[in-house]
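Take a look at the structure set out below.
The values are calculated or read from the model by the stated rules, or taken from the named source; none is laboratory data. What you see is a predicted model, and the numbers here were worked out from it, not measured in a lab. When we count neighbours, we look across all protein chains shown, and the Cβ atoms used for this are built from the backbone with ideal geometry, even at glycine.
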Amino acid sequence: MSNKVKALLIVAVLILFTLTLLMKVPMQAKNKIFIYCGAGLKPAMDEIVKLFEEEYGVSVEISYGGVGAIASQFFTSKMGDIFIVPDPLYFNKLKEKGYVKSYSEILVFTPVIAFVKGNPKNITSLFDLLRSDVRVGLGDPRVPAVGRAAKKILEKADIVNAVFNKTVVYTSTVNELATYIKTGAIDAAIVWRAVAISYGLDYVEIDEKYNVKYPVYAVILSTTTSEELSKMFIEFLKTDEVKKIFIEKGFTPA
């Protein structure tokens with residue numbers, strides 16, 4: 001075999017190898033989605049994501065956190081496929097900045113007052129948070145949606161300053177509040193009902209005239225590189241199978 005023929009064969013092999021790699025890269029990209037998700041949804045979403053991956057063979061990477069923190073993460077990176085937003089404030093920010101390609105309302109978050117099993121402090125209403133023997137924790141109003149919800153509730157009850165002045169800890173996620181209650185660091189906190197249930201806490205409902213409920217939106221971002229898979233995931237969130245998981249975890253489907 002001449003050197004010229006050998007050279008042509010080597011070039012042909014290299015071209016074939018390169019084309020194979022180029023074909024594989026898009027396939028890998030198409031089989032993965034990246035999701036930003038409020039931390040309060042973690043008890044349900046971990047299970048839902050696992051089911052989706054098993055049923056559709058899709059890899060899902062998910063970033064949990066207080067909605068303010070994960071919004072900052074997204075606005076900095078400008079990368080990702082889906083944002084599950086438990087807060088109208090940040091949903092509107094995404095819309096204003098042109099990052100919402102499409103969306104669906106999937107859940108409603110309901111705030112409650114949570115405490116350890118047995119309710120040793122005998123907490124029965126919002127106004128018990130004013131008592132000197134009740135150590136209160138709240139979400140930081142600048143970060144998690146539950147912090148802004150708590151502030152609105154306390155404002156409606158006209159006790160926001162009094163409760164803020166005696167609050168022991170402010171957290172960046174609702175899950176941290178539940179952990180502080182479980183460990184005895186605080187006696188009570190305003191959290192989502194679903195979080196109280198998932199952490200095995202007792203709770204009391206907040207009077208409807210003070211309470212505020214937060215819609216949860218599943219947004220396909222304009223930065224998505226996997227729009228069809230993102231649509232598939234959001235449709236999966238609406239199935240009876242997934243709604244059952246949400247209800248079991250204490251969430252209210254929209």
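Couple of notes before you dig in:
- Tally, over the range 46-69, of residues that are among the hydrophobic types (A, V, I, L, M, F, W, C), buried (at least 17 other Cβ atoms within 10 Å of the Cβ) and assigned to a helix (DSSP H, G or I): 5
- Members of the range 124-165 that are polar (S, T, N, Q) and farther than 14 Å from Pro111 by Cα: Thr124, Ser132, Asn161, Asn165
- In the range 202-247, the residues that are outside any loop (DSSP other than H, G, I, E, B), without any contact (Cβ under 8 Å) to a residue 40 or more places away in the chain and within 30 Å of Leu129 (Cα to Cα): Ile247
- Criterion applied to Ser104, Ser72 was being in the same structural domain as Ile245 (by TED's automatic domain parsing), assigned to a strand (DSSP E or B) and surrounded by 13 or more Cβ atoms within 10 Å (Cβ to Cβ), and the one residue passing it is Ser104.
- From the options Lys151, Lys166, Lys209, residue that is farther than 21 Å from Ala44 by Cβ and in contact with a Pro (Cβ under 6 Å, 6 or more places away or on another chain): Lys151
- Taking the criterion of being touching a strand residue (DSSP E or B) at 6+ places or on another chain (Cβ under 6 Å) and in a loop (DSSP other than H, G, I, E, B), the residues of the range 107-123 that qualify are Lys117, Asn119, Ile123.
- For the range 107-142, the candidate set comprises residues that are among the basic types (Lys, Arg) and surrounded by 15 or more Cβ atoms within 10 Å (Cβ to Cβ); within that set, the residue that is nearest to Ile35 (Cα to Cα) is Arg135.
- Against the criterion of being surrounded by fewer than 22 Cβ atoms within 10 Å (Cβ to Cβ), touching a Gly at 6+ places or on another chain (Cβ under 6 Å), in contact (Cβ under 8 Å) with a residue 12 or more places away in the chain and not β-branched (Val, Ile, Thr), Ser198 does not qualify.
- Leading residue by the ranking (nearest to Arg131 (Cα to Cα)) among those in the range 188-201 that are touching a strand residue (DSSP E or B) at 6+ places or on another chain (Cβ under 6 Å) and not in a helix (DSSP H, G or I): Ala188
- Residues in the range 75-100 that are surrounded by fewer than 16 Cβ atoms within 10 Å (Cβ to Cβ) and not in a helix (DSSP H, G or I): Lys78, Met79, Lys97, Gly98.
- Residue that is farthest from the chain's Cα centre (by Cα), among those in the range 154-186 that are in a loop (DSSP other than H, G, I, E, B) and more than 19 Å from Asp140 (Cβ to Cβ): Asp158
- Qualifying residue in the range 24-40 (condition: modelled with pLDDT of 95 or more and within 26 Å of Glu205 (Cβ to Cβ)): yes
- Some residue of the range 52-65 being more than 26 Å from Lys243 (Cα to Cα) and among the small types (Gly, Ala, Ser): no
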